[in-house]
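Student: Right, I'll just put the structure down here and ask away after.
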Amino acid sequence: MTAPSTGVAPGLRARLQGRSELGVAALLAVIAIVIAVDTANIRHTAINVGVMGPRVVSTIIAIGLGLCAIALAISVLRGGHAEAEDGEDIDLTQKAHWPTVFGLGGLIFVFALTMDFLGFVIGSALLFYGSALLLGSKRFIWALVIGILLAVGTFYGFVLGLGINLPAGLLTGIL
């Protein structure tokens, strides 16, 4: 009796066994291609024409990611591999705590949906506060204070330091 076919050649399966880093190399290559395509589609306008146009940094990033993808793939195919993480205080035998993972994902999703209405400061403060609680913080007031300070500092860093307007939401006219 013969074993059922899995669709992958047994020789290829044996060669790829233990080389999961190739997946990371492929992901880097895909990201590099997406950035390169998006960069090629940037139009020159009167506003962004200059010595260094809007394509320079994104082109450098795309090339860098592509080179990293190639270097990683070559290293893995030559037999190199990353050492397993020892972790100082992490028990690597334990499984992920999925309620926390999905809770954090849900918080980020709700933040994205409500940022225009609530504003960056309120949304970010609540995102930090909820994340701290989900990750086990028992200092409720301190987590809220830190979240507010980080959100206000980030807001003014973007608005005053970089000139990038973030939505003020409910705090329009106050900030």
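The values are calculated or read from the model by the stated rules, or taken from the named source; none is laboratory data. Predicted model only: the values in this text are computed from it and were never measured. Positions of Cβ are backbone-derived with ideal geometry, glycine not excepted, and every protein chain shown enters the neighbour counts.
Student: Residue check, residue 149 against (1) under 20 Å from the mean Cα position of the chain (by Cα); (2) modelled with pLDDT of 95 or more, all met but one. Which one?
Tutor: It fails just one condition, (1).
Student: I would also like to ask the following. Answer with yes or no whether residue 147 is in contact with a Leu (Cβ under 6 Å, 6 or more places away or on another chain), assigned to a helix (DSSP H, G or I) and either in contact (Cβ under 8 Å) with a residue 60 or more places away in the chain or closer than 19 Å to residue 109 by Cα (or both).
Tutor: Judged against the criteria, residue 147 is not a match.
Student: Quick one: residue 101 ticks every box in (1) in contact (Cβ under 8 Å) with a residue 24 or more places away in the chain; (2) exposed (fewer than 13 other Cβ atoms within 10 Å of the Cβ); (3) among the β-branched types (Val, Ile, Thr) except a single one, so which number is it?
Tutor: Status for residue 101: all satisfied but (1).
Student: Would you please list the contacts, defined by Cβ atoms under 8 Å and residues six or more apart or on different chains, that run from a residue in segment 156-175 that is part of a loop (DSSP other than H, G, I, E, B) to a residue that is modelled with pLDDT under 85?
Tutor: Every condition considered, the pairs that remain are 168/175.
Student: When you check residue 110 against the structure, is it without any contact (Cβ under 8 Å) to a residue 24 or more places away in the chain and hydrophobic (A, V, I, L, M, F, W, C), yes or no?
Tutor: yes
Here's the yes/no breakdown for (1) part of a loop (DSSP other than H, G, I, E, B); (2) at pLDDT 95 or above; (3) among the small types (Gly, Ala, Ser):
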site: 80; (1), (2), (3): yes, no, yes
site: 88; (1), (2), (3): yes, no, no
site: 92; (1), (2), (3): yes, no, no
site: 100; (1), (2), (3): no, no, no
site: 116; (1), (2), (3): no, no, no
site: 133; (1), (2), (3): no, no, no
site: 138; (1), (2), (3): yes, no, no
